[in-house]
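Here's the structure we're looking at; comments come further down.
What follows draws every value from the coordinates through simple rules; no lab data is involved. This is a predicted model, so every value here is computed, not measured. Don't worry about glycine lacking a Cβ; one is built from the backbone with ideal geometry, like all the others, and counts go over all protein chains shown.
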Amino acid sequence: MKPIIFIAFVAYLLAGCDGMTLPGFGQSAKDSTVQDTLRSDNPMAKDTGVIILPNNSAPLRDTLPGHIATGNVHPQALVAFAETLIGVPYKYASTQPNEGFDCSGFITFVFNHFGIKVPRSSIEFTNVGKEIAPTQAKRGDIILFTGTDSTERYVGHMGIVVANDNNEMKFIHSTSGKAYGVTITPFNGYYKGRFVKVIRIFKQNDA
């Protein structure tokens, strides 16, 4: 394998993101002024009656392999905060809202906001949490997909479940596709073809 191809492949695995673009290997991330990530008028944000932490300074909790320590954080609060980030653009290898997110960068930022330590790349979520049936998914569960090449069955993209009404699941994620940023997407035929599994990390969702 040529060195430049090998480097690109390794970067792909570490980034673990949907259709990512490597620096120097195609289109760069869009330049954009990011909206206020805590805007209260976001129509997608739901009134959950729970308090959302005002900043991203919570200390990260220690965790064990295969386990994510969520403490007393409620999944409704986490999803409500994630929804305030809709419209933040896609940017490869970034966890910063003023620059953009890749798929795992978005997950990292949202969970770290609540002091929850998570793996940085999507592929590292492969053996994390408890696998559940898609029909049982609830807000705050994590949904895992392959990369854009669905014949490669390792995890390469991820999102957070925001709704699962009448078995019509929707998830929030940062995509390099048409939406090019943080958006809510239905679990449609395209993503069903890339689906790997849903995992549960919040004990509240077992109630």
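Some points to look at:
- Difference of contour (0.36 nm per residue) and Cα-Cα distance, residue 98 to residue 165: 20.9 nm
- Amide proton proximity set for residue 163, modelled H, under 5 Å, gap of 5+: 170
- Normalised by the number of residues in the range 79-207, the mean separation of alpha-carbon contacts (under 8 Å, six or more apart) gives a relative contact order of 28 percent.
- Calculated FRET efficiency, residue 133 to residue 179, Cβ-Cβ distance, R0 = 25 Å: about 0.40 to the nearest 0.05.
- Interchain or long-range residues, amide H under 5 Å from residue 68's placed H: 129
- Likely footprinting exposure, 124, 168, fewest C-beta neighbours within 10 Å first: 168, 124
- Legend: ranking of residues 107, 172 from fewest to most surrounding C-beta atoms inside 10 Å; resulting order 172, 107.
- Residue pairs, from the table 138/170; 91/192; 117/170; 91/138; 130/203, whose Cα atoms sit over 21 Å apart: 91/192; 117/170; 91/138
- The 3J(HN,Hα) values that the Karplus relation (6.51, -1.76, 1.60; θ = phi - 60°) gives for the range 136-150 are, in residue order, 9, 5, 10, 3, x, 5, 10, 10, 10, 10, 6, x, 5, 8, 6 Hz. Gly and Pro appear as x.
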